[in-house]
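The values are calculated or read from the model by the stated rules, or taken from the named source; none is laboratory data. Bear in mind the structure is a predicted one, so any value in this text is a computation, not a measurement. Don't worry about glycine lacking a Cβ; one is built from the backbone with ideal geometry, like all the others, and counts go over all protein chains shown. Just the protein is used for accessible areas: all its heavy atoms, side chains included, with ligands, DNA and RNA removed. Shrake-Rupley method; radii C 1.70, N 1.55, O 1.52, S 1.80 Å.
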Amino acid sequence: MGQEAILFIEDVQREQESWYRFLDEQEQVLYDAMCSGDLAETEQALTELLKELFLPNATMHDHELKLMRFFVGLMKFGQEMNLPMGDGSKEQSALLQTLFKLRDIHEIRGWLQEQIIHPYMEELKKRRDHQHKHISDAVIEMIKEGYDTELTLEDCATRINYHPHDVSRVFRQETGVNFG
């Protein structure tokens, strides 16, 4: 290739790099499911991700490293979303130690769901419900103030900086009636 050639690590270690990219994609599927509030989809994504973390031909050391990486990713997700961690009384290191004491994939899945994923999802649902209430209250207030004008859904959505489709959906969910 000559002295001027530049080799990138991805070109040399493709297999490992592609596995991490795949894991990142699997984690994103899990985080998206958690944010959407779909419990069945979240549990399915977690199951699929754990299957990838615990491939049968890997060593115990590999499993621990992959699990630690996933745990740190979950903590990072919670931190970025400003979510309270688990029951609030344990530090991340204590949670990680507990996680490593679990014996099999079923215990790990149950513990992750109980200690981290479900509490995160509950907090995200509270936030979503609060936001939906805020949107519908704002639209109702605009209707009260402008009932005698030609008020449109697009006008309301623009005033509160949301897409008209989202405002329509949330308003219908919260009030039980269409905007029109």
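Residue-level check: of (1) free of Cβ contacts under 8 Å to residues at least 12 places away in the same chain; (2) surrounded by 14 or more Cβ atoms within 10 Å (Cβ to Cβ), E80 misses just (2).
Residues of segment 78-92 being more than 13 Å from P119 (Cβ to Cβ) and at pLDDT below 80, which ones? E91, Q92 - these are the residues of segment 78-92 that are more than 13 Å from P119 (Cβ to Cβ) and at pLDDT below 80.
Of the helices (runs of 4 or more DSSP H) lying entirely inside segment 98-180, those carrying at least 1 residues that are open to solvent by less than 80 Å² (accessible area, probe 1.4 Å) and either at pLDDT below 90 or within 30 Å of E52 (Cα to Cα) (or both) are 105-112, 118-145. Among the conditions (1) touching a helix residue (DSSP H, G or I) at 6+ places or on another chain (Cβ under 8 Å); (2) at pLDDT below 75; (3) open to solvent by 80 Å² or more (accessible area, probe 1.4 Å), Q44 misses just one, which is (2). Among the criteria (1) open to solvent by less than 80 Å² (accessible area, probe 1.4 Å); (2) closer than 16 Å to F70 by Cβ, the one Q92 does not fulfil is (1). Answer yes or no: is there a residue in segment 110-120 that is of a type in the set (F, W, Y) and within 30 Å of F70 (Cβ to Cβ). So far as segment 110-120 goes, yes, one or more of its residues are of a type in the set (F, W, Y) and within 30 Å of F70 (Cβ to Cβ). Screening M75 on (1) farther than 21 Å from Q92 by Cα; (2) open to solvent by less than 60 Å² (accessible area, probe 1.4 Å); (3) modelled with pLDDT of 90 or more; (4) among the aliphatic types (A, V, I, L, M) shows it passes everything except condition (1). Here R109 fulfils each of the conditions (1) more than 30 Å from V177 (Cβ to Cβ); (2) among the basic types (K, R); (3) free of Cβ contacts under 8 Å to residues at least 24 places away in the same chain apart from (3).
Within segment 120-154, the set of residues being touching a residue at least 12 places away in the same chain (Cβ under 8 Å) and acidic (D, E) comprises just one member, E123.
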